[in-house]
1. At R0 = 30 Å, how high is the FRET efficiency between LYS188 and LYS75 if r is their beta carbon distance? Nearest 0.05 is fine.
2. Quick check: Cα centre of the range 44-72 to Cα centre of the range 132-198, how many Å?
3. Gain in length, TRP263 to ASP56, computed as 0.36 nm per residue apart minus the alpha-carbon separation, to one decimal in nm?
4. Give the lysines reachable from LYS216 as a straight Cα distance under 26 Å; neighbours fewer than 8 places away on the same chain don't count.
5. Between HIS116 and VAL84, what is the label-point separation in nm under the 7 Å Cα-to-beta-carbon projection?
6. From the residues LEU69, THR95, ALA237, which one has its Cα farthest along the dipole of the chain in the positive direction, the dipole being from +1 and -1 charges on Cβ of Lys/Arg and Asp/Glu about the Cα centre?
7. Give a quick list of GluC sites (Glu not before Pro) in the range 1-65 that DSSP marks as loop, anything other than H, G, I, E or B, with at most 12 other Cβ atoms within 10 Å.
8. Excluding residues fewer than 8 places away in the same chain, name every one of the lysines whose C-alpha is closer than 18 Å to that of LYS64.
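Throughout, read-outs are computed from the coordinates displayed, never taken from laboratory work. Computed from a predicted structure; not experimentally measured. Note: ideal-geometry Cβ built from the backbone for every residue, glycine included; neighbour counts use all protein chains shown.
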Amino acid sequence: MPVNILFSARPELWPVYQPLLTEELQKAGVAFNLATEFPEDEVDYIVYAPSGGLLDFTPYTRLKAVLSLWAGVEKIAGNKTLTVPLARMVDHGLTQGMTEWVVGHVLRYHLGMDHHIKVQDGVWVHEVPPLARQRHVCMLGLGVLGQEAAQALAALNFNVTGWSRTPKDVPGVTCLSGENGLREALSKAEIAVLLLPDTPATENTLNAETFALMPKGARIINPGRGPLIDDDALLQALNTGQIGHATLDVFRVEPLPTDHPYWAHPNVTVTPHIASETRPVTAAQVIVENIRRGEADEPLVHLVDRQLGY
C-alpha cells in the first residue's frame, strides 16, 4: 500500500522539491503518493516547514512522523498537538555551507583582512598575523554543524575549544561543558562562534557577564540564532572595546529593521541570514531516507528531543 506524503511548506517550494523527492522515493523503492493536499486522516508523513502554515496536527490520526525541512525546530518542537516523532534537517549540503562560511569569517578576523580591504590610507604598517596555532577559537555548540566547523578549523591548526551543554568528544578539539566549562572556554576566546540551538537555556548565552570573561578586543561570529546574544550588552561591549568586532548573520527580528543600530555600527558586519541554507537536492535525500526507514521499521535519524527542544 503506498504511503501518503504531505508536503507542507511555502507554495513556491513545491515545484522545487516535488521532482527531487519523487526521484529519491523511486530510487529507494518506496511506493508513495506525494501531494500538497490529502484527507487529513490519510496522511502517513509530513514534509514540514513552519512557513506552510500547519499548526494543528490533531486531525492527522494516521501520521507516523513529521520530517522538518529546517535545521532549527524551535517553532514546532513545543507544539502540544504533535505527538509523533519529529526529525530535524541535518543536510550535508547545509553543513558544508555553514562550515565554509564560518571558516571564511574566522580567517578574515585571524588575518586582519578588514583593515587591508577597507583602510587604504597610504600608511605602511608592517604587522604580521600570528600562525593559526597561536589563535584561540571557541565554538559554542557542538551539534552536527558545530562539530564540522570546529574540526575544519582544527585542520587548519587553529587552537579550537568547543563548548556544549553536555560533554562531547570531538577529535582535534578541546571539549568543555557546563557552566564552569563555558567560563573557561570564553576566557581564552579571541574569536567566538555561536552555533547553539535556540532554547530558553541558551538565550543570551553571550551577555554583559560573559562578554567580560573574554579577552579584550575579542571577535564574535553568530550564524546560529539571534537570541543567543543580548543585543544591548553586545552594543555596549563594542562601544567600550571589550568586543572588537561582531559578524552577525541571524537576529531576533528578520529582516533586520533598517533603523537597528547594528547597521550603522562601525564594528558590526551584518549578513542577511546567508551563512547556510538547506540544499533541496541533498535535503530530499535526507527526507526520503527517514521515510524509507519508517517503512522498514528501522529507527529514524536526526530525531528531536522534545524536552530539550533540539
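1. Numbers: r = 35 Å, r/R0 = 1.16.
For R0 = 30 Å, the calculated efficiency reads 0.30.
2. 33
3. Working: separation 207, 0.36 × 207 = 74.52 nm, distance 3.77 nm.
Result for the pair: 70.7 nm of gain on full extension.
4. The qualifying lysines are LYS118, LYS188.
5. Output for this residue pair reads 5.5 nm.
6. Highest projection toward the positive end goes to ALA237.
7. Working: sites: GLU12, GLU23, GLU24, GLU37, GLU40, GLU42; in loops: GLU37.
Hits after loop and neighbour filter: GLU37.
8. Partners within reach: LYS80.
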